[in-house]
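Student: My questions all concern the structure below.
Bear in mind that the values in this text are calculations on the coordinates, not laboratory data. For clarity, every value in this text was computed on a predicted model and none was experimentally measured. Cβ coordinates were reconstructed from backbone atoms using ideal geometry, including for glycine residues, and neighbour counts include every protein chain displayed.
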Amino acid sequence: MAARQKILILDDEHDILEIYQEILARLPSAPEIHTADNGARAIALLESAAFNLLLIDLRMPQMDGFQVLVLVRRKFPSLRVIVMTAGEDEQFRARAYAMGIDLYMEKPKTGKEIINFVDCIESLLEREDRGGFRGVQSKTLVDIVQLECFTQSSAILKVTTSVGEGRIWLQRGEIIDASTGDMTGREAFLEMMRWKAGNFELLASDLPRPRTIFSSYESLLMETAQTLDETAAVTPSLEEAGLGAFGRFKGVQFAVSVQTTDKNKFDQWGMENPEQMASWIHETSKNLRNLGDKLVAGQLERFEGLGPQRHIAVLSGDEQSLGIGFTRSAVLPHIRETMKQIESKWLS
């Protein structure tokens, strides 16, 4: 049985610590939640046990958050770090990202912000390190852009890779322009989304930038995924890339494919203990096929379920069934549209 993951929350306000502890205790992975109200205690806890994630407030008396970050990056370079702040400060944001944090966000206030906050943390905990961009070890550039849009950022995302350098302008959580080499706008954005690894830096958005991209970031990222799929002739096929190829779609957390004849024969991406999910997909698909036969309604090929922890959609085929897990913030129309795209690739 896999060991429970550990989260450490550092904040000098005890009420905030209690609220975060209560929210994060509901995560599906049921992590151990530890708290510290000062930097010295936080460092002592990190030295006493291996933690998976640190949530830290920057504004604290005595040892502030930046001083703690210096020690954390020196002593625990692989530890994932999320900075939580009560107010937006672009200089603090740029400085924190320069120190290699994973995410900088305002403390959630509304129900939607809390859901996005939990989804971000769940994503960081569930995905293993697979390279990616500095500061967000398990993330692609698409993930980084999505996180910044989630947090309503207004900034310039500077990206540097072995193949080039580019910038993406964000205004209150929307993508308004992009530039790399001789390309600008949507063309530049799509080119940058092909980049697999490198460094990123968030710069303050000081001067007004004329808007050249008018689609919402959700539509833009979905269109980007479609375009990348259409140009798959120069990239690995779905079979070569495995189920992880579905991770490029917004809101997708995991994928499990199960053989129709044997629930123990399955493939998976994004899950630590997939056996239970594989069994559920297998049995549910079988029951629905039987129901379709009894109702003389034909085979039920797709269904969606919305749950308190995450949502799931299943495609039922003759030889295999495919289950796709979505974050709780994903709405049903988005799930259905995404599954249409996934189905066209899965069956091809």
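Student: Only Lys, Arg, Asp and Glu count, each charged at its Cβ (+1, +1, -1, -1), so figure out the dipole size of the chain about its Cα centre, rounded to 20 debye. Provide the component values of the computation, followed by the final result.
Tutor: Numbers: 39 positive and 50 negative charges, 31 e Å.
Rounded to the nearest 20 debye, it is 160 debye.
Student: What is the dipole size for the range 1-126, taken about its Cα centre, with +1 at each Lys and Arg Cβ and -1 at each Asp and Glu Cβ, in debye to the nearest 20?
Tutor: So the dipole magnitude of the range 1-126 works out to roughly 480 debye.
Student: Over the range 1-126, what is the mean sequence separation of C-alpha contacts under 8 Å (at least six apart), divided by residue count, expressed as relative contact order in percent?
Tutor: Working: 174 pairs, mean separation 28.3, N = 126.
Relative contact order of the range 1-126: 22 percent.
Student: List nothing, just return the count: lysine pairs in the range 236-346, 8 or more apart or interchain, with Cα separation under 25 Å.
Tutor: Counting lysine pairs in the range 236-346 gives 12.
Student: A further question on this structure: On a full-extension model of 0.36 nm per residue, what is the gain between Gln276 and Ser216, subtracting their alpha-carbon distance, rounded to one decimal in nm?
Tutor: 17.9 nm
Student: Go ahead and estimate [θ] at 222 nm for the chain from helices alone: -39,500 (n - 2.57) per DSSP H run with n ≥ 4, summed, over the residue count, rounded to 500.
Tutor: Numbers: 11 runs with 129 residues, N = 348.
Calculated from helices alone, the mean residue ellipticity at 222 nm is -11500 deg cm²/dmol.
Student: List every residue whose amide H lies under 5 Å from the amide H of Ser205, counting only residues 5 or more places away in sequence or on a different chain, with H placed 1.01 Å from N in the peptide plane.
Tutor: Amide H to amide H, under 5 Å and 5 or more residues apart or across chains, Ser205 pairs with Ile156.
Student: Going by a ≥ b ≥ c, the root eigenvalues of the Cα gyration tensor, does the range 1-126 fall in the rounded group (a/c under 1.5), the prolate group (a/b larger than b/c) or the oblate group? It would help to have the intermediate numbers written out before the result.
Tutor: Values: a/c = 1.39, a/b = 1.09, b/c = 1.28.
Rounded shape, in that the Cα axes give a/c under 1.5.
Student: Same structure again: Note the listed values [x] 195; [y] 172; [z] 144, then indicate which one is volume of the Cα convex hull per residue in Å³ calculated from this particular structure.
Tutor: Here volume of the Cα convex hull per residue in Å³ agrees with entry [z].
Student: So, one more: Calculated FRET efficiency, Ala98 and Asp182, Cβ-Cβ r, R0 22 Å, to nearest 0.05? Before the final figure, lay out the partial values.
Tutor: Working: r = 28 Å, r/R0 = 1.29.
In this case the efficiency is close to 0.20.
Student: On to the next question. Could you check which residue among Ile115, Ile56, Ile82 shows the biggest mean-square fluctuation in a GNM of the chain with a 10 Å Cα cutoff?
Tutor: Taking springs between Cα atoms under 10 Å, the residue moving most is Ile115.
Student: Calculate the FRET efficiency for Glu301 and Ala50 from the Cβ-Cβ distance with a Förster distance of 45 Å, rounded to the nearest 0.05.
Tutor: Numbers: r = 44 Å, r/R0 = 0.99.
Once the sixth-power term is evaluated, E becomes 0.50.
Student: So how tilted is helix 141-150 from the main axis of the chain? Cα-based, degrees 0 to 90, rounded to 10.
Tutor: 70
Student: Could I ask something else about it? Could you work out the local net charge near Ala313, counting Lys and Arg as +1, Asp and Glu as -1, over the other residues with Cβ closer than 15 Å to its Cβ?
Tutor: Working: positive: Lys250, Arg302, Arg310, Arg328, Arg336, Lys340, Lys345; negative: Glu301, Glu304, Glu337, Glu343.
With Lys, Arg at +1 and Asp, Glu at -1, the net is +3.
Student: Can you give me the C-alpha center-to-center distance between the range 263-325 and the range 169-216, rounded to a whole angstrom?
Tutor: 38
Student: If you don't mind, there's one more thing I want to ask. Can you bin the range 1-53 into rounded, prolate or oblate? Criterion: square roots of the alpha carbon gyration tensor eigenvalues sorted a ≥ b ≥ c, rounded for a/c under 1.5, prolate for a/b above b/c, oblate for the rest. Let's see the in-between values first.
Tutor: Numbers: a/c = 3.78, a/b = 1.19, b/c = 3.18.
Oblate is the answer for the range 1-53, as a/c is 1.5 or above yet b/c matches or exceeds a/b.
Student: Under a Cβ-only charge scheme (Lys and Arg +1, Asp and Glu -1), can you give me the dipole magnitude of the range 236-346 about the Cα centre, in debye to the nearest 20? Kindly include the intermediate steps, with their values, before the conclusion.
Tutor: Details: 13 positive and 14 negative charges, 87 e Å.
Here the range 236-346 has a charge dipole of around 420 debye.
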